[in-house]
Each structure stands twice: as structure tokens, then as C-alpha cells.
1. Give me the net charge for the shell around GLY32: Cβ to Cβ below 14 angstrom, other residues only, Lys and Arg +1, Asp and Glu -1.
2. For CYS111, what accessible surface area do you get with a 1.4 Å probe? Give it in Å², rounded to 10.
3. So how do 45-51, 84-90 stack up, highest first, on mean other-Cβ count within 10 Å?
4. How far apart, in nm, are the 7 Å Cα→Cβ label points at MET147 and GLU89?
Amino acid sequence: MSSAFPARGQDAVAWVAAAMPGPMMRALDLRGGVPHGVRQEIARQLAEGASAARLRERIERRWWDRFAQLPGPELLERADEIVLALVAEPTCPLGCEDGWLLEQSRVCPWCRPNGTVIDVSPDEEPGGRRLDADGQARRAAEVRALMRASRRYPGAGR
């Protein structure tokens, strides 16, 4: 088990690689250790400005979100693929980490859209879906009814 903070002078790549979860490390040890390509990817990201702490957090988050439930034989079979997925750089155009904008403490609207659709009147938004006045009133009544039913509305139960 590694320390939560790197020791003075410790290689950052080795410190990040030591954050691999125990089952992952045991599977990798049976296959010859952490692949050289993974160490190169960690070094590349560190050279491009990613912090070692962020890489370690990414490994832990992705392990629990995606791979912790895998049975041992599958983990052993896919170890090289999984370890690379644990350290891979995010591909989101907004720069989120697995659907989370960490600096803003919120969900990434690109990767995890909330499914909300806003209906607009014809004079507000040229490309949006349009409702006539009766449709708008009907939709507002539906929203109010849902809010009352879920008890999130201050006047619920009246």
C-alpha cells in the first residue's frame, strides 16, 4: 500500500502506479506487472500538467465505478485493458473527469445531460420546440402537479 502523499524525491509515475487497487495489482503481477505503455501514459499526462493526485483519484474513481465488481478470472484476462482504462485521459470536450466538472463541483452537461427539454414560444428561440399559449399553460399545469406530487413544492398538500 502506498502513502497518500508522495515521499520527497519519489518518482511521480511510480507513486501514481502504486495507486492501483489490490485486486488489479495481483492480476497485473501474474502478467508481469504494470505494462510499460501504462507507465508511459502516466508520464505523458504528468508532463502535460496533470497532477499526480488527480491521476490517483481517477484510478480509484474508475475502479469503483467500472471494474470493482468483475470476477477474478475476467479481471485477470482483461488486466492490461483495464489498467489502461483506469489511467486514460478523459475525452470530454469540456474537460470533465468521468462526467464531473471537478473545479465547478457539478455534473458535466456534455457527458451526463439531465434530459431536460425546454419548450419555448415562437418569438423566443428560433430553433427550439414551440408551444402555443394553450400548450404552455397545459405544460405549466403538468409541472406544478408533478411538483406537488413529489412534495418538493412549498404548497404541497393544499
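The values are calculated or read from the model by the stated rules, or taken from the named source; none is laboratory data. What you are looking at is a predicted structure, and each value in this text was computed from that prediction instead of being measured. Because the Cβ atoms are built from the backbone with ideal geometry, glycine has one as well, and the counts that use them run over all protein chains shown. With ligands, DNA and RNA removed, areas are computed over all heavy atoms of the protein, side chains included. Shrake-Rupley method; radii C 1.70, N 1.55, O 1.52, S 1.80 Å.
1. Working: positive: ARG26, ARG31, ARG39; negative: ASP29, ASP80.
Net local charge, GLY32 excluded: +1.
2. About 60 Å², ignoring ligands and nucleic acids.
3. Values: 45-51: 12.9, 84-90: 16.1.
Result, highest mean first: 84-90, 45-51.
4. Distance between label points: 4.4 nm.
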